[in-house]
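The values are calculated or read from the model by the stated rules, or taken from the named source; none is laboratory data. These numbers were taken from a predicted model, which means no experiment stands behind them. Positions of Cβ are generated from backbone atoms using ideal geometry, with glycine treated the same way; all protein chains shown enter the neighbour counts. Just the protein is used for accessible areas: all its heavy atoms, side chains included, with ligands, DNA and RNA removed. Shrake-Rupley method; radii C 1.70, N 1.55, O 1.52, S 1.80 Å.
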Amino acid sequence: MKTVALYARVSTDRQETANQLDQLRAFAAKQGWQIVAEFVDTVSGSGKMKRPQFEKMMLAAAQKQFDLLLFWRLDRLSREGVRMTLTYLERLDGWGVAWRSYQEPYLDSCGAMKDVVLSIMACMAQQERIAISERTKAGLARAVRAGKTLGRRAVVVDVARARRMQRDGFGLRPIAKKLGCSVNTLRGALA
């Protein structure tokens with residue numbers, strides 16, 4: 001008998017996971033699978049906030065506590081973009097844990113379409129990386145045209161004062177703190 005973990009997620013506490021869980025439980029029962037864990041998060045899946053149950057589920061998968069992860073839809077598993085979602089699915093595969101989307105039967109690591117789906121997702125992830133890079137470059141170029149200075153502010157180190165403090169027996173950390181710079185910045189200025 002296949003052991004299964006369920007993962008359900010809603011974005012806000014005004015939403016319910018009951019519909020997802022009811023359908024996932026019924027589907028697992030129909031397949032003759034044994035549900036050994038249920039992981040439920042009430043948090044955005046965008047990756048901007050921690051998802052404690054998701055992290056617990058990934059740890060349990062790495063420890064092979066179940067054979068298959070069943071989720072309601074791919075966007076319930078992750079909304080972090082194709083690249084991160086693909087990373088999660090590949091991790092599950094690497095740990096020997098199968099995965100399946102209840103609402104999207106073509107997203108099934110046990111099915112014949114697994115390699116096709118993963119290939120398409122990998123291409124989409126590559127295009128997503130390119131698009132992010134292009135948007136970032138365009139935004140930086142626009143900022144420069146608008147007269148904004150990019151990068152960190154320049155840190156001016158009073159080298160003469162730093163050397164005097166060294167002669168007086170101060171270490172790099174107290175000198176850096178007194179001058180308002182990092183130890184690495186101070187080292188670079190004294191080099």
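Overview of values
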{"item": "Filtered residues of the stretch 41-59 (kept if crowded, with 16+ Cβ neighbours inside 10 Å and of a type outside the set (Phe, Trp, Tyr))", "result": "Asp41, Thr42, Val43, Gly45, Arg51, Gln53, Met57, Met58"}
{"item": "Checking Phe66 against (1) modelled with pLDDT of 90 or more; (2) in contact with a Leu (Cβ under 9 Å, 6 or more places away or on another chain), the condition it does not meet", "result": "(2)"}
{"item": "Which numbered condition Glu16 misses (of (1) part of a loop (DSSP other than H, G, I, E, B); (2) within 20 Å of Val117 (Cβ to Cβ))", "result": "(2)"}
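Table: residues versus (1) over 24 Å from the mean Cα position of the chain (by Cα); (2) open to solvent by 40 Å² or more (accessible area, probe 1.4 Å); (3) of a type outside the set (Gly, Ala, Ser).
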position: Thr3; (1), (2), (3): yes, no, yes
position: Arg9; (1), (2), (3): no, no, yes
position: Thr17; (1), (2), (3): no, no, yes
position: Lys30; (1), (2), (3): yes, yes, yes
position: Ala61; (1), (2), (3): no, no, no
position: Glu80; (1), (2), (3): no, yes, yes
position: Arg83; (1), (2), (3): no, yes, yes
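This table checks each residue for (1) surrounded by 13 or more Cβ atoms within 10 Å (Cβ to Cβ); (2) touching a Cys at 6+ places or on another chain (Cβ under 6 Å); (3) over 30 Å from Trp99 (Cα atoms).
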| site | (1), (2), (3) |
| --- | --- |
| Ile120 | yes, no, no |
| Cys123 | no, no, no |
| Ile132 | no, no, no |
| Arg135 | no, no, yes |
| Arg142 | no, no, yes |
| Ala146 | no, no, yes |
| Asp158 | yes, no, yes |
| Ala162 | yes, no, yes |
| Leu179 | yes, no, yes |
